[in-house]
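Novice: To start, I am sharing the structure in question, which I have written as structure tokens.
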Amino acid sequence: RTHILHMIVVRSRYCNAYGFRSVCVDPDPARRAAATLLGADLVVDPTAPGFEEVVQDFCGGDTASEKRKAGEINLPGPDVVLECASKWDAIRTSMDLCANNGAVVVAARHYDSPKFNLVGQVRATTQ
């Protein structure tokens, strides 16, 4: 099943209509509440400790915690991430959470330069 991660309240109903499970990651309680009302399958606060693990567990089920315990770097994550926050740290979080061979779609405009390399970010895997 495909997972889509929302970095802000976006199109949960669209995802649900096409059978995608959706995640909303947003620091604002009002937007998280709106995402819940719109039908997001998982709503998390990125400032909460361990929110990455919550998303990985949602996307990968039992395999996520097993892979973390084994020290693997190739952890489950959303197949598609829509970044809508217009903040570079949101893009970085999107890239960190996205599944291998997944896609990060930047829907927001950014007027400054990132402080990290956007090109060639590859996760290593353990054998």
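The values are calculated or read from the model by the stated rules, or taken from the named source; none is laboratory data. None of these values were measured; they are calculated from a predicted model. We place every Cβ from the backbone using ideal geometry, glycine too, and count neighbours over all the protein chains shown. The protein model used for the area step is the full one, side chains on, heavy atoms only, and it has no ligands, DNA or RNA in it. Shrake-Rupley method; radii C 1.70, N 1.55, O 1.52, S 1.80 Å.
Novice: Could you please find all residues in segment 50-71 being of a type in the set (Phe, Trp, Tyr) and buried (at least 18 other Cβ atoms within 10 Å of the Cβ)?
Specialist: 58
Novice: I would also like to ask the following. Just to be sure I understand, how many residues within segment 43-71 are farther than 20 Å from residue 27 by Cβ, outside any loop (DSSP other than H, G, I, E, B) and among the hydrophobic types (A, V, I, L, M, F, W, C)?
Specialist: Number of matching residues: 2.
Novice: List every residue pair whose Cβ atoms lie under 7 Å apart, where the two residues are 6 or more positions apart in sequence or sit on different chains, the first residue falls within segment 84-107 and is farther than 15 Å from residue 59 by Cα, and the second residue, located anywhere, is open to solvent by 70 Å² or more (accessible area, probe 1.4 Å) and small (Gly, Ala, Ser).
Specialist: Final answer for the pair search is 84/107.
Novice: Go through (1) of a type outside the set (Phe, Trp, Tyr); (2) touching a residue at least 40 places away in the same chain (Cβ under 8 Å); (3) loosely packed, with under 15 Cβ neighbours inside 10 Å one by one and return the number of the condition residue 80 breaks.
Specialist: So the condition that residue 80 fails would be (3).
Novice: Taking segment 22-49 as the region of interest, how many residues are under 19 Å from residue 91 (Cα atoms) and open to solvent by 60 Å² or more (accessible area, probe 1.4 Å)?
Specialist: Adding up the residues that qualify gives 4.
Novice: Looking at (1) open to solvent by 70 Å² or more (accessible area, probe 1.4 Å); (2) modelled with pLDDT under 80; (3) on the phi > 0 side of the Ramachandran plot, find the lone condition where residue 120 falls short.
Specialist: Evaluating residue 120 over (1) open to solvent by 70 Å² or more (accessible area, probe 1.4 Å); (2) modelled with pLDDT under 80; (3) on the phi > 0 side of the Ramachandran plot leaves (1) as the failure.
Yes or no, residue by residue, for (1) modelled with pLDDT of 75 or more; (2) surrounded by fewer than 18 Cβ atoms within 10 Å (Cβ to Cβ); (3) assigned to a helix (DSSP H, G or I); (4) over 12 Å from the mean Cα position of the chain (by Cα):
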{"position": "73", "(1), (2), (3), (4)": "no, yes, no, yes"}
{"position": "86", "(1), (2), (3), (4)": "yes, yes, no, yes"}
{"position": "89", "(1), (2), (3), (4)": "yes, yes, yes, yes"}
{"position": "92", "(1), (2), (3), (4)": "yes, yes, yes, no"}
